[in-house]
Structures are given as structure tokens and as C-alpha cells.
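The values are calculated or read from the model by the stated rules, or taken from the named source; none is laboratory data. Remember, it's a predicted structure, so these values are computed and weren't measured experimentally. As a convention, Cβ positions derive from the backbone with ideal geometry for all residues, glycine included, and neighbour counts pool all protein chains shown.
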Amino acid sequence: MTKIFVYASKDSVFKKISYSFYQSDFKASLKLLKTEKEFLSLLKKVKHGIIVVDQTSLNLQDLNAIKLRNKFAPFIPLIVIIKNSKSNMASKYISAGAFDFITLRQISFLPHIASYALKYQNILKEKFFIAPESSKKNESVLTSHKMFEALKETEERFRLAFENSAIAKTISKFDGTILKANKAFCSMVGYSEDELISKNILSITHPDDVTENIRIVKSLLELPEHSKHFEKRYIHKNGKIIWASVSAIVQHDKLSGNVFLTSEVQDITEKKLVAEALEKSEEKFHKAFMNIPEGLSITRLKDGKIIEVNDRFIEVFQFSRDEVIGKTTVELNLWVNHEDRKKFAAVVANRGSVKSFEVIWHKKNGEIIPLLCSANLIEINNEKLILTIAQDISEKKLTEQKLIEAKEKAEEMNRLKASFLSNMSHELRTPMTGILGISEILKGEIKDPDIHMLVNSLQNSAKRLHETLNLIMELSQIDSGRLEILKSSVNLYDFAVKTLEVHRHLALKKNINLELNVNCENEFVEIDDRICGEIINNLVGNAVKYTKKGSITVNVKLDVNKKQKLLLISVKDTGIGISQNKLQNIFDEFRQESEGYNRMFEGTGLGLTVTKKLVEALNGSISVKSKVGKGTTFSLILPI
């Protein structure tokens, strides 16, 4: 801890000096001396420290304080505070023995000068103050020769410290001529010291910074201050641009009386590049923030005040930016339901974020608007903020409402359709059953071949219509959700044989081989035999209808794995096949390979639709593979 003795009559000056040391890394203990008596008493007993004399506030004659120091404590460095650096007294103070001087406006640089003064004092003490403590005669007095030698020693040590300092340093004239540059500076700019001494500092300064550099140096001469801190760019020998932070201070040569400029230079290129990148990043963020098509706002967590909003926010809620900034959402009366606000804020505070939170806000004109809000807790400059995204979902809500209404209408229409089909099918099936019964009786009674042929045609037409009515009835039951599934234990082999029996007569008539393969004969399974039978009948019936020659093969297989038991059924034919562009539509209602009045085969196009819906009702799946002219294979997987 270095002792700093301040000889000043004003407390305000002492406070400024104290604050300058408090702000610096220089460890010091300060004491105020207000009278000459206190000053003299100090000089007679002080052995360590630094003296600061405020010449602007004392009533002493110009050089009295320095003369008293020279007489009683010549080894204590003395720094003078003066009013104006252009004063003629400045050089007289230096010549009289002051270590340095500063102006009142330069108090903040006092710790910097004090550090050099302390090094100077230590060198003198180490070399020359050898008088014993008890010696009073000529105590601590240096001869002129010893002082000269001490100064030489000091200069040599400062030279070595200057040259080997890790901090880049230069000494130059006020016209920019470089007098000296240390190794760190040479390394920074890529020149040797010999190359630099032959140059002006402006020749390695970026052209855009030359004018400002000249202005700063000029201000050091013209204004009552002798130091400056500024940023500039140097040009490296290889052409690279180097950003630097420069501290320039006016120095006085105590022997020659010359004034020169000492600069400490710190390479801040990397720091500058990072700052520029950050600035560009912030600029991009700001542009993105402003142009995002959703309303954005940033509020402080501690008080809920809005500090920024984007253009979309202003557009949606119809406030001006000045009306919003600095206000809370409560002050703007945005929330329709304040319980939503409390819940929203609590979730953000506890979890750090909230997503897709539906709320209702007011616009400036009082109009209500539904929003989907998301928020995240962020931190900028050690301050916790909430970034909120408010998406206007008015159109979405309107669309949802229309969809709900359309869905309800469609469901109602579907119910009406199912009810209509069910009623009509029932009303038509009853007389159709009578027609079929009467036609069957007539076939047995009528002997006339022509009339018999007409009755047979009538019966076939009635059967076709009856099948159509059955399909419509089945479809209406499925669509209305009235299909009832009743499972029972069935012998799989007997079930398959019985189901195919009704198709053998027509297959034999068309000279088609109908083959059945079952992988087990005495296996019982739990199935709805009516629905499963109808599924197989529809597929085999189609196969017989669309096959002119060849065969139809039905495979029934029971597959038992670790997860579940499956019933695998396939119906393969060698019929006309289905083109690839029709395959995706074959399960649609009223769709066939050939359509229109000129279609090749009879049918409503409901068979496969009903089949697929029945399979899905049993939680199964159906797939098809086909090739035109080669045949078709339907594959079923039914869980049991």
C-alpha cells in the first residue's frame, strides 16, 4: 500500500484525487495536508510515498512547495497539479525538481503517473539512501553527481522496461515522427524498429483515421489536458488492418525540457471483429424481429413493462409504438380474462416458456381477437425478459367453426342417407322376396318353354336386384354404426368349405377350377362367421364373375405368433385383371374397372366397398395385386 500525501486547501480536490485512485488498480492510502505547518512536519519525517501538491489552491509562492521538498525529502517524488498545461510555470516546476505535472481535468490519470513515480523512487532508494537511521546530519541528501548517476540508472532501467514490455508502446513527436517503438509494437505492425523510426506514425495509420488522429494530437497541445484514449486502425506491413486501443499521454523530459507523446497500444482486432459480428447479428435479429408475420413483444420480467414490439404487433392491435413502449399489458387493457394473464405469467416464470396458449385480447378500439401465444424467458445484458409471440387465429377459429358445422351437417346427411337406404332397402326387399318365391313356384308349374324362359329371366333379374338391396342394406348399417359383430367358435375347415359351396355350380358351368386350401382341418376359431362368410363370398363371387377360364384358388391359413392369432385369407384368380390406374379406386363406392352404360360386367360397384368396410370393422386389412390379362389376388389379414 503506497502512501499518497495530498497538499491541498480544497476538500473537493482531495475527493477527486481519492476517487481516481479508487477507480484504478493502484493500491494507495491517501492523507490530506491543508497547511504549510502540516506539510513541513510531514517532510521532516516521511521516508516513503508520493507527494501531490495542488498548486491551484495553495497560497504558497510558486516554487515554495518544491523547494521545501528538495531541502527535507528530495527522494520523495512530487507531482504538481496546475490550472493549465500551457502555463509557463509547468516547465519551471519540472526544472525545480517536480517529477511531473497534470491539470485538474486530468486527475483520472494521476494513478498512472504515480506508478512511474513509485518506480523512480524505488530505484533511487535502492542505490543511494544508505545513511543509518540514527544519522541526522546530511540525512538523505544526494550530491549532484549522485543524482546525475541515479537519473542515468533510472533512464536505463526505464529503457529496458520500455523495450521489453508486453504492452506495445511508442514515443513520438507531436508531428507524428516516431522516435522509439518497442518490440511489442514492432511485432504488432510487422516493421522493425529501424524501419519505424524512419516513418511517420500517420504513414501506417488507416487513411480513414488520419484526420481524426491529427485532431486528437492537436487537442493534446491546445486543450488543458495531456492524455487521450481513442481507437484507430493501423496498416500492417503485409496490408492487414489492425484495430487498436491507444492511450496517448504527454511526457516531459526533465533534463532537456522537451515534450513528447508516449502511446500505449493494445491490439483489439479480434475484439472488434467479434463486436462487429455481434452488431451485425443484432441488426439481423432486429430486422427479423420487425418483419416476422406474427405479433412479437419483449417485456421485462420484473415489472411487466413492454420494451419493444414489432410492426405486426402494432398492425394487429392498432396502437402506436409510443403508446405501447413502457406500458404493461394490463395498462393497455389487452387481456379480456385476467385469470388467463396470471396463469400465462406463472407458467413462464416457473418453466421458462409456454407454447400454444390460447387467449383473448382487446384491440385498441375494444374489438376482441383470439390469439395463440407462445413465450420464452430470455436474458439480455443480465436482465430477464419475456419474448412473446402472439398469433392472430381469427381466421383459423372461423375456419374451425365452419369445419365443425360442415362436419355436423355431413354427419346428419350421412345419418339421413343411411336411414333412407335402410328404409328403402327394407321396403324393396319385402316385395322382392315375394317375387322370388312366386317365380320359383312358376318355374315348377309352367311347361311351355318360352314362358319358362321368361320366368327364369324374371327370377335372375329379381335375384340381381335382391343382391343389390342386400349390399345397400349392409353399407347403410356400416355407415350408421349399426353393424353388430357376433363372434362364435367355428371349425375353420368346415366354414371355408361351406362358404365356397354356393360358388361351385357357377364355376363348374364356366369350366373354372375352384380350389380351396386350408392349413388345418380340426381347428376352431372365434369369428363372426356371417361377416367373414360375406367377405369371402364377395371376393370369390367377383373372381368367378371376372374369370373366363383358368382357376380360382382360395387359401385359408391360421397364423399364430407371440403377439396374436391371425386369420390369413387370399383369393387368387386368372381373370381379366385390373389396370394400375384403377387399383387405387376399386374400393370406392360405385366404382368398377369398366364403368357407364356400356360396361362389360353387371354390378353396382358396391361389393368391394362393403368388403373393405367389413374387413375394417373386424380390425383387419385388405390389399390387392393385379395385372391386366394375368389375374388378381386379394389378401386379407384378420385378427382373431
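For segment 334-350, enumerate the residues that are under 15 Å from K384 (Cβ atoms) and exposed (fewer than 11 other Cβ atoms within 10 Å of the Cβ).
N350
Being surrounded by fewer than 17 Cβ atoms within 10 Å (Cβ to Cβ) and modelled with pLDDT under 85, is that true of even one residue in segment 609-618?
Checked against the condition, which is being surrounded by fewer than 17 Cβ atoms within 10 Å (Cβ to Cβ) and modelled with pLDDT under 85, segment 609-618 yields no hits at all.
One residue is enough: does segment 391-401 have a residue meeting the conditions under 30 Å from R482 (Cα atoms) and either assigned by TED's automatic domain parsing to the domain that holds E323 or not hydrophobic (A, V, I, L, M, F, W, C) (or both)?
yes
Restricting attention to segment 308-322, and to residues there that are under 16 Å from E367 (Cβ atoms) and in contact with a helix residue (DSSP H, G or I) (Cβ under 9 Å, 6 or more places away or on another chain), which single residue is surrounded by the fewest Cβ atoms within 10 Å (Cβ to Cβ)?
Among them, the one singled out is I314.
When you go through (1) in contact with a Leu (Cβ under 7 Å, 6 or more places away or on another chain); (2) under 19 Å from I622 (Cα atoms) one by one for G533, which number turns out not to apply?
(1)
Is it true that L261 is without any contact (Cβ under 8 Å) to a residue 60 or more places away in the chain and either exposed (fewer than 15 other Cβ atoms within 10 Å of the Cβ) or part of a strand (DSSP E or B) (or both)?
no
Would you call L539 touching a residue at least 40 places away in the same chain (Cβ under 8 Å) and either of a type outside the set (A, V, I, L, M, F, W, C) or surrounded by fewer than 19 Cβ atoms within 10 Å (Cβ to Cβ) (or both)?
no
Filter the helices (runs of 4 or more DSSP H) completely within segment 134-221 down to those with at least 3 residues that are within 52 Å of the chain's Cα centre (by Cα), at pLDDT below 85 and surrounded by fewer than 17 Cβ atoms within 10 Å (Cβ to Cβ).
Answer list for segment 134-221: 144-164.
Suppose we filter L32, L63, L58 for residues that are modelled with pLDDT of 90 or more and either in the same structural domain as K119 (by TED's automatic domain parsing) or touching a helix residue (DSSP H, G or I) at 6+ places or on another chain (Cβ under 8 Å) (or both); which single one remains?
Being modelled with pLDDT of 90 or more and either in the same structural domain as K119 (by TED's automatic domain parsing) or touching a helix residue (DSSP H, G or I) at 6+ places or on another chain (Cβ under 8 Å) (or both) holds for just one of L32, L63, L58, which is L32.
Restricting the search to segment 475-515, which residues are buried (at least 17 other Cβ atoms within 10 Å of the Cβ) and in contact with a Ser or Thr (Cβ under 9 Å, 6 or more places away or on another chain)?
The answer is L475, S476, Q477, A507, I512, L514.
Quick grid of which residues meet (1) over 21 Å from Q401 (Cβ atoms); (2) out of contact with any strand residue (DSSP E or B) (no Cβ under 7 Å at 6 or more places or on another chain):
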{"position": "T329", "(1), (2)": "yes, no"}
{"position": "R341", "(1), (2)": "yes, no"}
{"position": "R351", "(1), (2)": "yes, yes"}
{"position": "I360", "(1), (2)": "no, no"}
{"position": "A375", "(1), (2)": "yes, no"}
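Take the residues of segment 20-46 that are in contact (Cβ under 8 Å) with a residue 60 or more places away in the chain and not small (G, A, S): which is surrounded by the most Cβ atoms within 10 Å (Cβ to Cβ)?
Among them, the one singled out is F21.
Going residue by residue through segment 486-503, is there one that turns out to be in contact with a helix residue (DSSP H, G or I) (Cβ under 6 Å, 6 or more places away or on another chain) and either of a type in the set (G, A, S) or within 28 Å of K627 (Cα to Cα) (or both)?
Yes, segment 486-503 contains at least one residue that is in contact with a helix residue (DSSP H, G or I) (Cβ under 6 Å, 6 or more places away or on another chain) and either of a type in the set (G, A, S) or within 28 Å of K627 (Cα to Cα) (or both).
Of the residues in segment 1-10, how many are under 18 Å from Q55 (Cβ atoms), modelled with pLDDT of 90 or more and of a type outside the set (A, V, I, L, M, F, W, C)?
In the first step, residues of segment 1-10 are kept if they are under 18 Å from Q55 (Cβ atoms); the result is 4-10.
Still in the list and also modelled with pLDDT of 90 or more: 4-8.
Within this subset, residues satisfying the condition of being of a type outside the set (A, V, I, L, M, F, W, C) are 7.
Here the count works out to 1.
Kindly indicate the residue of segment 319-376 that is aliphatic (A, V, I, L, M) and assigned to a strand (DSSP E or B) and also farthest from D392 (Cα to Cα) among those meeting that condition. Explain how you work it out, then say what you get.
Step one: list which residues in segment 319-376 are aliphatic (A, V, I, L, M), which gives 324-325, 330, 332, 334, 336, 345-349, 354, 359-360, 368-369, 371-372, 375.
The next check asks that each one be assigned to a strand (DSSP E or B); those that pass are 354, 359-360, 368-369, 371-372, 375.
Working: V354: 17, V359: 10, I360: 10, I368: 11, I369: 7, L371: 5, L372: 7, A375: 15 Å.
Ranking the qualifying residues of segment 319-376, first place goes to V354.
Restricting the search to segment 352-367, which residues are over 18 Å from L387 (Cα atoms), surrounded by fewer than 13 Cβ atoms within 10 Å (Cβ to Cβ) and not small (G, A, S)?
Selection gives N365, E367.
Go through (1) more than 19 Å from the chain's Cα centre (by Cα); (2) polar (S, T, N, Q); (3) surrounded by 15 or more Cβ atoms within 10 Å (Cβ to Cβ) and name the single condition S297 misses.
Status for S297: all satisfied but (1).
Which members of segment 377-416 meet the condition of being of a type in the set (V, I, T), in a helix (DSSP H, G or I) and in contact (Cβ under 8 Å) with a residue 24 or more places away in the chain? Even if it seems obvious, please write down each step before you answer.
Within segment 377-416, the first condition is being of a type in the set (V, I, T), and the residues that meet it are 378, 380, 386, 388-389, 393, 399, 404.
Okay, now just the ones that are also in a helix (DSSP H, G or I), so 399, 404.
The answer is none; no residue qualifies.
How many residues does segment 545-585 contain that are farther than 22 Å from K498 by Cβ, buried (at least 19 other Cβ atoms within 10 Å of the Cβ) and under 55 Å from the mean Cα position of the chain (by Cα)?
1
Return only the number of the condition from (1) outside the structural domain of F420 (by TED's automatic domain parsing); (2) under 23 Å from L638 (Cα atoms) that E474 does not satisfy.
Only one criterion in (1) outside the structural domain of F420 (by TED's automatic domain parsing); (2) under 23 Å from L638 (Cα atoms) is unmet by E474, namely (1).
Quick one: K92 ticks every box in (1) modelled with pLDDT of 85 or more; (2) over 20 Å from F109 (Cβ atoms); (3) assigned to a helix (DSSP H, G or I) bar one, so which box is it?
All conditions pass for K92, except number (1).
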